[in-house]
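The values are calculated or read from the model by the stated rules, or taken from the named source; none is laboratory data. Just so you know, these numbers come straight off a predicted model, no measurement behind them. Note: ideal-geometry Cβ built from the backbone for every residue, glycine included; neighbour counts use all protein chains shown. All accessible areas refer to the heavy atoms of the entire protein, side chains included, with ligands and DNA or RNA removed. Shrake-Rupley method; radii C 1.70, N 1.55, O 1.52, S 1.80 Å.
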Amino acid sequence: MRLLQSKAWILLLFMQILMFIITISGENGPVGDGSVLQAFLSNEQTDSGIELKLRGTLILGMTIFGFSIIINGYRKGIRWAWYACWVYPIFFVLHIIGFGTYLPDAIFLFISLIGLLLPYKKFFNKQE
């Protein structure tokens, strides 16, 4: 059980990687037409191309931000990082409400909750 608690950050890292892959992908995959990567590789300045490039920069920035919180603060057991990582279950609840996509969002919600609640004692040690 202690091993699971100390490695729970990997679940959140997995969630962040999945979110990155899903959000950069278009209908034809991560590098196909309509994807963020395809928009960056083209020189088109259409409205949809500009929108995809803006989405891509936002995704990249949020992914780097999420990785840094998970790998540094969360993995080390710093309490503020635990609070910050609640963005994952909140995101999936809002996604389910907004889009009605119970699958796979409910699974991602469950995985992110396990990643947050399993190491609870690590963040809220009574000795502090």
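Before moving on, here are some points about what is shown:
- Span from the the range 66-96 Cα centroid across to the the range 34-59 one, whole angstrom: 27 Å
- For the range 12-84, the alpha-carbon coordinates run over 45, 19, 16 Å along the three principal axes, in decreasing order.
- Between 0 and 90°, nearest 10: helix 102-117 axis offset from the chain longest Cα axis: 40 degrees
- Descending semi-axes in Å of the range 46-89, equivalent ellipsoid built from Cα gyration tensor: 29, 10, 5
- With viscosity 1.002 mPa s and temperature 20 °C, the Kirkwood radius over alpha carbon pairs of the chain converts through Stokes-Einstein to a diffusion coefficient of 134 µm²/s.
- Qualifying trypsin sites (Lys or Arg not before Pro) for the range 21-128 [loop in DSSP, other Cβ within 10 Å: at most 13]: LYS126
- Excluding ligands, DNA and RNA, the accessible surface per residue across the chain is 66 Å² with a 1.4 Å probe.
- The angle between the Cα long axis of helix 47-68 and the main principal axis of the chain comes to about 20°, on a 0 to 90 degree scale.
- For the range 1-107, GluC sites (Glu not before Pro) are listed when DSSP marks them as loop and at most 16 other Cβ atoms sit within 10 Å of their Cβ; the list is GLU27, GLU44.
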